[in-house]
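Please read the structure below before turning to the comments.
The values are calculated or read from the model by the stated rules, or taken from the named source; none is laboratory data. It should be emphasised that the depicted structure is a prediction, and the values quoted were computed from it without experimental measurement. Cβ atoms come from the backbone with ideal geometry, glycine included; neighbour counts cover every protein chain shown. Note: accessible area is taken over every heavy atom of the protein model, side chains too, but ligands, DNA and RNA are not part of it. Shrake-Rupley method; radii C 1.70, N 1.55, O 1.52, S 1.80 Å.
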Amino acid sequence: MLEKVDAEVLAERERIAARVRDELVAAALPVVAPGLYTVLSQGIEVTIDPFDDDAGGVSVAWRSSARLQNCVLRAVKHNLLDDPVLSHQQVVLEAMLAAITAILVSAGFTVRESRNDYAPFTLEVLAGPGGPPSWGLRKNEVAVANWSAGDGGASANESER
């Protein structure tokens, strides 16, 4: 039976997964909400594997639209291996994973193609960046003119009244 990772490792994986979702949303890519019913999901799916094995960690995959997925399943079910939808789906998956990889690497993540034979077209996120995100708020963006935390928000002119 597979052993689960300890709470500290799981918390780190959850932190990395959340940061991956944030970075990809910041790049305006659709990210599947964790726990969303599979039939309703399309876009980037970020999952956390709680097990202590080589396949464990944070994984990222692209989920095409339900229509494209259904066409692929129909072609496979009916053994239509020359159906253009199969090669199109492969191109879509490869293109999206290349884009996701480029975005995450630029943001400071360590990413590789999955080594899990049961999860083709999946990325593994091995480590996340240490510092704040490049798109994070800067001090000059949150400073409000004539306001000081020490005076309850009253400007110098108002406190003289």
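Would you pick out the residues in region 8-28 that are touching a strand residue (DSSP E or B) at 6+ places or on another chain (Cβ under 7 Å) and open to solvent by less than 30 Å² (accessible area, probe 1.4 Å)? Within region 8-28, Ile16, Ala17, Val20, Leu24 meet the criteria. Pairing each residue of region 115-133 that is of a type in the set (Lys, Arg) with any residue that is open to solvent by 40 Å² or more (accessible area, probe 1.4 Å) and in a loop (DSSP other than H, G, I, E, B), provided the two are 6+ apart or on different chains, yields C-beta distances under 7 Å for Arg115/Asp54.
Checked against (1) polar (S, T, N, Q); (2) at pLDDT 95 or above; (3) touching an Asp or Glu at 6+ places or on another chain (Cβ under 8 Å), Ser106 passes all but a single condition, namely (3).
Checking Ala75, Ala61 one by one, the residue that is in contact with a helix residue (DSSP H, G or I) (Cβ under 7 Å, 6 or more places away or on another chain) and open to solvent by less than 40 Å² (accessible area, probe 1.4 Å) is Ala75 and no other. Within region 18-49, if we keep just the residues that are part of a helix (DSSP H, G or I) and touching a residue at least 60 places away in the same chain (Cβ under 8 Å), the residue that is nearest to the chain's Cα centre (by Cα) turns out to be Val20.
Check Arg63, Arg74 and return the single one that is in contact with an Asp or Glu (Cβ under 9 Å, 6 or more places away or on another chain), under 30 Å from Ala7 (Cα atoms) and free of Cβ contacts under 8 Å to residues at least 40 places away in the same chain.
On the way: Arg74 fails: under 30 Å from Ala7 (Cα atoms).
That would be Arg63, the only listed residue that is in contact with an Asp or Glu (Cβ under 9 Å, 6 or more places away or on another chain), under 30 Å from Ala7 (Cα atoms) and free of Cβ contacts under 8 Å to residues at least 40 places away in the same chain.
In region 78-120, which residue that is in a loop (DSSP other than H, G, I, E, B) and in contact with a Ser or Thr (Cβ under 8 Å, 6 or more places away or on another chain) is surrounded by the most Cβ atoms within 10 Å (Cβ to Cβ)?
Of region 78-120, the ones in a loop (DSSP other than H, G, I, E, B) are 78-83, 107-109, 114-120.
Applying the additional criterion that residues be in contact with a Ser or Thr (Cβ under 8 Å, 6 or more places away or on another chain) yields 107, 114, 116, 119-120.
Details: Ala107: 20, Ser114: 18, Asn116: 16, Ala119: 16, Pro120: 11.
Selected residue: Ala107.
Among the numbered conditions (1) closer than 15 Å to Val125 by Cα; (2) open to solvent by 50 Å² or more (accessible area, probe 1.4 Å); (3) under 17 Å from the mean Cα position of the chain (by Cα), the only one that Asp53 does not meet is (3).
Residues in region 81-132 that are of a type in the set (D, E, K, R) and closer than 24 Å to Glu12 by Cβ: Arg112, Glu113, Arg115, Glu124.
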